[in-house]
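The values are calculated or read from the model by the stated rules, or taken from the named source; none is laboratory data. Every value quoted in this text rests on a predicted model; they were computed, and no experiment measured them. So basically every Cβ, Gly included, is an ideal-geometry build from the backbone, and we count neighbours across all protein chains shown.
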Amino acid sequence: MSKDKLKTAVLGLSGRGELLLEALRGVDYFEIQAVADKDTSLAEKIAGQCQCAAYDDYRQLIIQNQLDCLLVAAGIHSCDEYVRMAMKKKCNIFKLAPAARDFEEAVEFVRLSEEQDIKFAVSNPRRFGRSFITFREFLRQGRIEHIFLMTAFCCLGEEPYPGWQTDPKLAGGGVLLHNCYWVIDQLVSNFGLPQQVYSLGTNNAQDKQQRLYLTEDTSVVTMKFSDIFIGNLVASRRAGTGPKEEFIKLYGKDKILTVRDRRVTLCDGLGQTIEELEYDDDEHFCMREQLNNFALSILSPETNKLCSGGGENLQDMAVIESAYLSARTGFPEEPAKVLQMAPGLTDEMLFEMPVNNKK
């Protein structure tokens, strides 16, 4: 590969693909050689802007180009076989979250990336947002102690989402998998794997039979991290639930710590603000930071460690898998047992997995 530029292609140009492309233009390490979308006119339009080749056939893009990186914004149901094909051509993969449709598929991607000695990264741009970095630092510094309760809220309001995300076979899951992946990632990366997960989910269908053929648009997930620390996630993308609102809130012995995309607030036990920090980060900034990390982990791996590699994300997928299993069985499930469903995972594959929180 070029010393400074990575030969790159993008699959999927609409929706979140627009965010990826906009962020990509602010990173110097990528040279876009091709873009692809099922919408031919959109592919040609973006290719004209990027001065690269346009494809409406994902397979032909992979066959006809020798790439260093493939950035995947398309739904995995439309390109899973082509992602595997690219991996087998020694192409590094950056995939917009979620890591896969289910835990088994995520393990397959991780194992293939290990076999081919390539990078497989999953987008978790909030890890690079300054409010979330501050949140982690407050935890490290012990600014809030003896945490006993976590609440997280993820309401998408009127934000649109593609129709295929309502189909369990195509999407793998609904609001929890596709809209709350970042919440699960924050909880796991900061507090470790929950011991138990109990979940309920529903959707807008009128009867039980219909609900079986649709993914959940509303979900409640309760997590036990230790005997004295539990958490609850409430999520919905159903219309009529009010404006978009997302946050994580921690309750400690005498402090309350809340993080949002651009703000971190530390309060006393009565809710009076002790400290509040605001940042001007946006989605493009955070995505650019992660793309920079991905590029440098390929160009200079000895000094730049990949953040949010596929192995790490297996923990996120294990929590989500446990939640969906619990919704079916009606009982709490254990993410650690889900991880055991993939024997042979090495410590290197489960890269930098945090230990369970013992507070």
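Looking at this structure, is Leu19 surrounded by 23 or more Cβ atoms within 10 Å (Cβ to Cβ) and under 25 Å from Ile184 (Cα atoms)?
Taking the combined requirement at face value, the residue does not satisfy it.
Looking at Gln186, Gln210, which one is among the polar types (S, T, N, Q), surrounded by fewer than 24 Cβ atoms within 10 Å (Cβ to Cβ), assigned to a helix (DSSP H, G or I) and at pLDDT below 95? I'd like the intermediate steps shown before the answer.
Values: Gln186 fails: at pLDDT below 95.
Result of the check over Gln186, Gln210: Gln210.
Can you tell me which residue is modelled with the lowest pLDDT among those in the stretch 231-280 that are among the hydroxyl-bearing types (Ser, Thr, Tyr) and touching a Cys at 6+ places or on another chain (Cβ under 7 Å)?
Thr241
Quick one: which of Lys95, Lys89, Lys119 is buried (at least 23 other Cβ atoms within 10 Å of the Cβ) and of a type in the set (Lys, Arg)?
Unique residue meeting the criteria: Lys95.
Do you know which residues across the stretch 316-336 are of a type outside the set (Gly, Ala, Ser), more than 18 Å from Ala100 (Cα to Cα) and not in a loop (DSSP other than H, G, I, E, B)?
Listed by number, the residues that qualify are Arg328, Thr329, Glu333.
Which of the following residues is of a type outside the set (Asp, Glu) and touching a Cys at 6+ places or on another chain (Cβ under 7 Å): Val221, Val183? Even if it seems obvious, please write down each step before you answer.
Values: Val221 fails: touching a Cys at 6+ places or on another chain (Cβ under 7 Å).
When all the criteria are applied, what remains is Val183.
Name the residues in the stretch 292-315 that are crowded, with 22+ Cβ neighbours inside 10 Å and more than 26 Å from Leu193 (Cα to Cα), would you?
Ala295
Within the stretch 177-209, how many residues are among the aliphatic types (A, V, I, L, M), under 15 Å from Thr222 (Cα atoms) and out of contact with any Gly (no Cβ under 7 Å at 6 or more places or on another chain)?
6
Find the residue count for the stretch 328-342, including only residues that are under 21 Å from the mean Cα position of the chain (by Cα) and farther than 19 Å from Leu112 by Cα.
4
Give the residue, chosen from Gly240, Gly252, Gly271, that is closer than 24 Å to Pro162 by Cβ and not assigned by TED's automatic domain parsing to the domain that holds Asp68.
Answer to the selection: Gly240.
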